[in-house]
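The values are calculated or read from the model by the stated rules, or taken from the named source; none is laboratory data. Note that the structure is predicted; figures quoted are calculated from it, not measured. Because the Cβ atoms are built from the backbone with ideal geometry, glycine has one as well, and the counts that use them run over all protein chains shown.
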Amino acid sequence: MPIKASKSGVPSRQAESRRRFLLDLSRSATGVTLLSLGVGLYSRQSASMPAEAIRPPGALEEAEFASACIRCGLCVRACPFDTLDLARLGDGITTGTPYFTARDVPCEMCDDVPCVQACPSGALDPELKQIDEARMGLAVLVDQENCLNFRGLRCDVCYRVCPAINQAITLKHIPNTRSGKHAKFIPTVHADACTGCGKCEYSCVLEEAAIKVLPLHLARGELGKHYRWGWKEKEAAGSSLVTPDGEHRYNLPSGKTYDFEGEGLLESSQ
Amino acid sequence: MKNSPFPGFEATKSKGWLMAHKWLMLRRISQITIFALFLLGPVFGVWVVSGNLNSSLTLEILPLTDPYLLTQSLAAGHMQEATALTGGLIVVVVYFLLGGRTFCSWVCPVNLITDLAFWLRQRLGIRGASSLPRYTRYLLLVATLVLAFVTGSIAWELINPVSMFHRGVIFGTGFAWLILLAVFLFDLFVSRRGWCGHLCPVGAFYSLLGTHSMLRVRANAREKCDDCMDCYLVCPEQQVLRPVLNGRDKGIGPVIVSPNCTNCGRCIDVCSQDVFHFGLRFYNADPLGSDTNYLASHSSGV
């Protein structure tokens with residue numbers, strides 16, 4: 001910007017001070033903008049949580065959580081088992097926000113949910129009164145090759161320690177094809193009952209846990225919105241929606257019949 | 001202007017060391033006591049206060065929450081729960097009465113760092129400062145709110161030195177000390193009173209809270225001022241002194257009404273002429289000569 005000169009050719013005091021003001025303003029505005037850009041980009045980056053970091057019970061979804069949590073640590077103080085910790089700068093988790101690592105200390109699922117009660121901000125949803133309704137994550141048996149039960153042993157530890165035994169984790173029997181005569185007892189997690197407390201991951205006897213609590217967005221698949229279960233639709237409608245059911249017919253070799261009660265293919269009695 | 005070896009030299013001679021450092025000492029006691037109260041729980045298991053400066057619970061009943069954080073959270077699109085809002089309201093009322101930036105000099109832990117940097121800067125005779133305008137903090141304040149709105153998160157908390165320091169000491173530091181080191185070095189080498197006096201958006205927010213606050217420093221006895229300049233040398237916000245000390249002829253009253261005065265009281269300490277006192281913001285009209293009358297009738301001697 002050219003400086004208006006007074007008659008003597010020297011910039012007038014007013015022009016000089018206006019120039020100085022504009023220079024100062026652009027200097028500080030530039031600095032502030034650059035700093036904000038940096039912080040903004042950093043906030044994007046820090047929004048991605050490591051999979052092993054689990055939020056306390058009742059935590060809002062991650063995007064909302066970042067706007068709600070005021071990083072005071074009152075939930076950490078309320079936890080009687082010192083499960084929770086506040087993330088430190090450099091941890092890879094949004095600094096100052098609460099989390100726990102199940103393999104180190106799992107959530108003990110207190111009946112009165114003291115961490116949620118202590119939260120002043122609503123980042124931990126005060127509507128959560130029953131700890132069984134918490135969904136901190138979901139246990140997933142990630143390594144089926146090293147899980148002892150998958151190898152045919154009766155470890156069962158994850159199943160035994162689960163606070164919702166027989167609901168969140170059940171044992172499903174499948175044949176043990178290696179021995180040819182035993183059953184394998186497969187720990188099977190049910191999302192409708194698993195709170196993500198992490199006791200299974202904490203207790204897994206392997207060097208590295210075969211069952212891990214993962215954040216829900218990693219642990220769960222999702223059906224296409226347009227997808228319908230044929231048998232449910234059929235039941236609701238009373239009959240098939242696509243083609244009408246016809247009586248099933250077999251083309252059997254001549255002189256044979258088929259017994260549906262288990263005998264199978266038979267010589268025709270005729 | 002007299003040449004004294006250090007600011008407050010004359011005051012120390014005339015009032016004694018204790019009276020020439022009274023408010024400084026009280027301020028340090030306040031800052032350290034608040035820190036100690038927060039540390040009592042985690043270190044000794046005595047829970048007077050839990051949480052940190054962002055939000056805390058005292059004696060399991062009194063919630064206190066930083067209203068600046070609540071504002072950012074709101075800008076990010078979250079309505080806080082009643083506990084946090086109540087805590088925020090209490091803080092707003094307290095600082096409305098005591099002066100917004102009283103937080104900066106009596107509570108904020110970063111003040112310990114920047115005061116140290118300033119002291120060292122004087123000691124080492126480091127001069128030459130970047131001409132960062134003081135209103136930069138207000139630009140940064142606006143920027144933090146815009147950031148919260150755009151990112152949908154309380155983004156400033158990622159690097160806020162104030163909460164980094166306080167939370168770091170109470171809950172574990174991580175690499176937070178790097179940010180504090182940066183603030184220290186910035187204040188020492190780059191800009192005189194750089195962080196607290198020019199940049200910090202927390203201070204900027206609290207200055208707005210205290211725009212009409214009750215407790216103020218008054219230059220009731222300003223006709224006694226002998227232009228020794230000691231108060232200018234110690235004041236973290238020098239620009240607030242000039243109107244009061246030199247503005248009498250222009251009809252400017254004796255109260256330091258600038259919201260950026262941090263009520264640190266250091267000017268009271270270092271003045272050998274007892275020009276300054278703590279007082280209320282009222283009785284600021286100054287028909288020539290009334291200062292002395294006011295002083296005579298209202299001074300509580302603090």
**OP:** Quickly run through region A:135-152 and pick out the residues that are touching a strand residue (DSSP E or B) at 6+ places or on another chain (Cβ under 9 Å) and part of a loop (DSSP other than H, G, I, E, B).
**Re:** A:M136, A:G137, A:V142, A:D143, A:Q144, A:C147, A:N149, A:F150, A:R151, A:G152
**OP:** State which residue pairs qualify: first residue without any contact (Cβ under 8 Å) to a residue 12 or more places away in the chain and inside region A:215-238, second residue of a type in the set (D, E, K, R) and not in a loop (DSSP other than H, G, I, E, B) in any location, beta carbons under 9 Å apart, and separation of 6 or more residues or different chains.
**Re:** A:H217/A:E62
Original post:
Tell me, which residue of region A:203-244 that is of a type in the set (V, I, T) and surrounded by 10 or more Cβ atoms within 10 Å (Cβ to Cβ) is farthest from A:M49 (Cα to Cα)?
Top reply: A:V205
Subject >> Criterion violated by A:S48 - all others in (1) surrounded by fewer than 19 Cβ atoms within 10 Å (Cβ to Cβ); (2) of a type outside the set (D, E); (3) part of a helix (DSSP H, G or I); (4) within 13 Å of chain B (Cβ to nearest Cβ) satisfied >> reply: (3)
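Each row is one residue, and each column tells you yes or no for (1) outside any helix (DSSP H, G or I); (2) crowded, with 20+ Cβ neighbours inside 10 Å; (3) among the β-branched types (V, I, T); (4) at pLDDT below 90.
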position	(1), (2), (3), (4)
B:W23	no, yes, no, no
B:R28	no, no, no, no
B:L37	no, no, no, no
B:G41	no, no, no, yes
B:L64	yes, yes, no, no
B:T71	no, no, yes, no
B:L74	no, no, no, no
Original post:
Given the conditions (1) away from chain A (no Cβ under 14 Å); (2) in a helix (DSSP H, G or I); (3) modelled with pLDDT of 90 or more, which single one is not true for B:Q122?
Top reply: (3)
Original post:
Got a number for residues in region A:223-265 being at pLDDT 80 or above and either acidic (D, E) or part of a helix (DSSP H, G or I) (or both)?
Top reply: 11
Subject >> Lone qualifier among B:D286, B:D249 - being assigned to a helix (DSSP H, G or I) and either of a type outside the set (S, T, Y) or modelled with pLDDT of 85 or more (or both) >> reply: B:D249
Original post:
In region A:70-123, which residues are more than 22 Å from the chain's Cα centre (by Cα), of a type in the set (A, V, I, L, M, F, W, C) and more than 9 Å from chain B (Cβ to nearest Cβ)?
Top reply: A:F81
**OP:** Identify, by number, the condition in (1) in contact (Cβ under 8 Å) with a residue 60 or more places away in the chain; (2) under 23 Å from B:F38 (Cβ atoms) that B:G88 doesn't meet.
**Re:** (1)
**OP:** Report those helices (runs of 4 or more DSSP H) wholly inside region B:151-235 carrying at least 1 residues which are farther than 26 Å from B:T65 by Cα and away from chain A (no Cβ under 14 Å).
**Re:** B:176-185, B:230-234
